[in-house]
Amino acid sequence: MEGMPGAAAAFFDLDKTIIAKSSTLAFSRPFQAGGLITRRAMLRSAYAQFVYLVGGADHDQMERLRRFMSQLVAGWDVATVREIVADTLHNVVEPIVYDEAVDLIEEHRLAGHDVVVVSASGAEVVGPIAEMLGADRVVATRLEIVDGRYSGEIEYYAYAEEKARAVEALAAECGYDLDASYAYSDSVTDVPMLEAVGQPFAVNPDRELRRVATERGWPILTFTRPVALRSRVLPARQTLAALAVGGAVAVGSLVWASSRRRTGQA
């Protein structure tokens, strides 16, 4: 599906922007239950999650997390991973999705914007989460697969400047007007993606992104409330279909008002 030429899009980071933790590490317990990882590896992933949350996602830390995850999944059966994610998605993800993020995604969709999730986490995890949230497109890290198993190598890493390149490529492919488009992230590593659009927002920013956002006058949003998606997403889609018949929603006032409600500081 192609976007309308010249239309705006909304690009969302996933981890700590839409959900409150690393999407990949959130599945550590189901992966252990499915026989993919040992208890020792699960404890290591819990520690990696703790460091990720406390330390802020700087480049060195993300590189360590990338190496850890690529080593962890080496040899895993891809079909088993996809089955575990599908079977446990709601139980794992629902408690950690921000209500404010769901509101914002709905508002963009009602305004006629494509919603694109852009994440450094693996496509097998990001794709189903994005589909559950009603996103139109996904950009995610792809792991190399050999004979139905992960080799431990990364085929495509959706991180830092690569996210900006992916956003620009999608704009060229789908006809998005990047000056009229929006981007949301928590991490200073996503500054290139935020710079690629005309409407950047820092969401629960790490210290360095907060500094950059303050210097540049980017709005800072604070997301805190978890949501039960099964009670929100399906009714929202029905509402979306009904409103689409009635006409378009004025985007400027809608997103501006939403940002005013969520802005922690200017």
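The values are calculated or read from the model by the stated rules, or taken from the named source; none is laboratory data. Since we're looking at a predicted model, the values are computed, not measured. Ideal geometry is used to build each Cβ from the backbone, glycine not excepted, and the neighbour counts take in all protein chains shown.
For A20, the test of being farther than 25 Å from L72 by Cα and modelled with pLDDT of 80 or more is failed. You will find that of S231, S259, S181, the residue that is over 22 Å from A9 (Cβ atoms) and either at pLDDT below 95 or touching a Gly at 6+ places or on another chain (Cβ under 9 Å) (or both) is S231 and no other. Summed over the range 146-187, the residues that are surrounded by 15 or more Cβ atoms within 10 Å (Cβ to Cβ), touching a strand residue (DSSP E or B) at 6+ places or on another chain (Cβ under 7 Å) and in a strand (DSSP E or B) give a count of 8.
In the range 209-226, the residues that are under 17 Å from A196 (Cβ atoms) form Cβ pairs under 6 Å with partners that are aromatic (F, W, Y) and crowded, with 19+ Cβ neighbours inside 10 Å, at six or more places apart or across chains, as follows: P219/F201.
Checking each residue in the range 132-145 for being in contact with a strand residue (DSSP E or B) (Cβ under 8 Å, 6 or more places away or on another chain) and either hydroxyl-bearing (S, T, Y) or under 15 Å from V115 (Cβ atoms) (or both) picks out L133, G134, A135, D136, R137, V138, V139, A140, T141. Looking across Y184, Y150, one residue alone is touching a Leu at 6+ places or on another chain (Cβ under 6 Å) and of a type in the set (S, T, Y). It is Y150. Being touching a Leu at 6+ places or on another chain (Cβ under 7 Å) and either at pLDDT below 70 or surrounded by fewer than 19 Cβ atoms within 10 Å (Cβ to Cβ) (or both) is true of Q49.
Taking (1) in a strand (DSSP E or B); (2) free of Cβ contacts under 8 Å to residues at least 12 places away in the same chain in turn, A202 satisfies each apart from (2). The set of residues from the range 67-122 being out of contact with any Gly (no Cβ under 8 Å at 6 or more places or on another chain) and of a type in the set (G, A, S) comprises A86, A101, A111, G112, S119, A120, S121, G122. Name the residue that is nearest to H108 (Cα to Cα), counting only residues in the range 147-178 that are among the aliphatic types (A, V, I, L, M) and either modelled with pLDDT under 95 or in contact with an Asp or Glu (Cβ under 9 Å, 6 or more places away or on another chain) (or both). Selected residue: L178. Taking the criterion of being in a helix (DSSP H, G or I) and of a type outside the set (V, I, T), the residues of the range 104-124 that qualify are L104, E106, E107, H108, R109, L110, A123, E124. Against the condition modelled with pLDDT under 70, more than 30 Å from L110 (Cβ to Cβ), in contact with a helix residue (DSSP H, G or I) (Cβ under 9 Å, 6 or more places away or on another chain) and of a type outside the set (K, R), how does A33 come out, does it pass? No; evaluated as a whole, the condition is false for this residue. For the range 109-125, the condition holds for at least one residue, the condition being that it is acidic (D, E), buried (at least 22 other Cβ atoms within 10 Å of the Cβ), farther than 25 Å from V92 by Cα and in contact (Cβ under 8 Å) with a residue 12 or more places away in the chain.
Of the set (1) without any contact (Cβ under 8 Å) to a residue 12 or more places away in the chain; (2) more than 19 Å from S22 (Cα to Cα), all apply to E131 but (2). Just one of the numbered conditions (1) farther than 30 Å from A74 by Cα; (2) touching a Pro at 6+ places or on another chain (Cβ under 9 Å); (3) among the small types (G, A, S) is not true of A164: (1).
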